[in-house]
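Following: one structure in C-alpha cells, then a few remarks.
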Amino acid sequence: FFSAARRALFKIASFLPLGPWSGLMGTKVRTVCVVINYSFCSGGMILFNKLTMHHLPYPSLVSIVQFGLCTLVILVLKHGGYIECDALDMHKIKPYMVYNLAFVVSIYANMKALEGSNVDTVIVFRSCVPLALSILEWMFMNRELPDLRSALALGMILLGATGYVFLDSAFKLNGWAAYSWLTTWTMLLCFLMVFGKMIVDQVTMQSMWGNVYYTNCLSIVPMMCLGLSGEAQTWANVQMTSRATVFLALSSLVGIGLSYTGWECRGALSATTYGLVGLMCKLLPATVNALIWDKHASLAGGLCLVVCLMGGAMYKQAPLRPEVKTAKSPLDNLPETSPCPSFLHEEGEQKTRTDDE
C-alpha cells in the first residue's frame, strides 16, 4: 500500500510545472513518504506490542520470535526473487555485531529502568535525545549545530515533556539505580542513533533489506542470552492462546515493516531528525489521549504536549558543514584502534579501489 501511494505521489509530482525544482520536489516527496511509512509502522508496533504483551508477558521470548520471523520472511522473499538482500559477510557483520549488542543492552537497561520508574518518566529522558544527538552530529558527523529556530524547537520539546510529566503524570524515580539505568539507556539510544547512521552511510548494501536482515538475524543470539539470564525459567509456563498467537504474528509482521522503514528513515534523515521523528511518534498518541480520551488529564498537561508537537514541527534539519562536504568519511578521523569504525572505513576503501579499477 505504502509503495503504491509513493509511486502515485511521484507520478503526480512529475506532471506539475516545477521546472528545475522537479528533482528537489521528488526528493522531498520521497522523504515525506518515508517518514509517514515509519510513523504508521511505529504506531502499529506500539499497539500490537501492547496487545501481545497483555496475552504473552514474556518480552525476551516475544522479541526472539519477532527477530526469527523477520529473518525467515526475508530469506523466503530473497530466494523467491522478490527482493535483493546481502548474504552474511564477516566484514559487514562486525559493525552490526556492535550495533546489535548495544541494541540488546539498551532493551535490558530500559527494562531495569522501568522497575524503578514509569513510562512517563522515560518520556522526559527520551526528550533529551534529539538535543544530545544534535551535539554528537556536530562533533562526529561534520554537521552544523542547529540554528536558533531549531535550538528553540528542541528546547520546547524538552520543556514541554518535562512539564507534562510533572503537571499531569506521576513522576516516579525511586533510588539511584533507576536514575543510573535511565541514564544508561539514554546514552545507548544516542549511540545507536549516531552509529546506525554511520552504518547506513558507510556500509554498502544492495538494498535496505540487507540492513534489516543483519539487524534481526544477528539480534537473535544476544536476545536469547538476555532471556536465559532470568526470563527463561518462566518459559515453561507459556500458554499460547489463539489471541496470543494472532497478536504475536501481527506484531512480527508490523515489526518487519518497522525495521525496513526505520533503516530507510536513517538513510534519508540525519540522526537528530530521525530521533525527533521517533519521539514525535510517541508524543502524538499521548497528546490525543490526554486531550480527548483521558478524563483525568489537566488542561495544562495537554498544552505541554501541544508545545512538544509545536517544537517538533518547528525543527529544521541542520546541514552538513560546507568546509567538509567534500572531505572523506568522518570515520577517517577516529582512532585506528577503534574496532567498529575501522571496519566501516575499510568498507569505504574497498569501494574506492573497486571504482578506480
> Where a ≥ b ≥ c are the square roots of the eigenvalues of the C-alpha gyration tensor, would you call segment 223-275 rounded, which needs a/c under 1.5, or, failing that, prolate if a/b is larger than b/c, or oblate?
Replying inline: oblate
> Over segment 47-160, what is the mean sequence separation of C-alpha contacts under 8 Å (at least six apart), divided by residue count, expressed as relative contact order in percent?
Replying inline: 13
> Could you give the accessible area per residue of segment 196-269, probe 1.4 Å, as a whole number in Å²?
Replying inline: 42
> Percent of accessible area on segment 38-100 owned by carbon and sulfur, 1.4 Å probe?
Replying inline: 69
> Using the beta-carbon distance between residue 240 and residue 115 and R0 = 30 Å, what value does 1/(1 + (r/R0)^6) give for FRET efficiency, to the nearest 0.05?
Replying inline: 0.65
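The values are calculated or read from the model by the stated rules, or taken from the named source; none is laboratory data. Since we're looking at a predicted model, the values are computed, not measured. Virtual Cβ from ideal backbone geometry, glycine too; neighbours counted across all protein chains shown. With ligands, DNA and RNA removed, areas are computed over all heavy atoms of the protein, side chains included. Shrake-Rupley method; radii C 1.70, N 1.55, O 1.52, S 1.80 Å.
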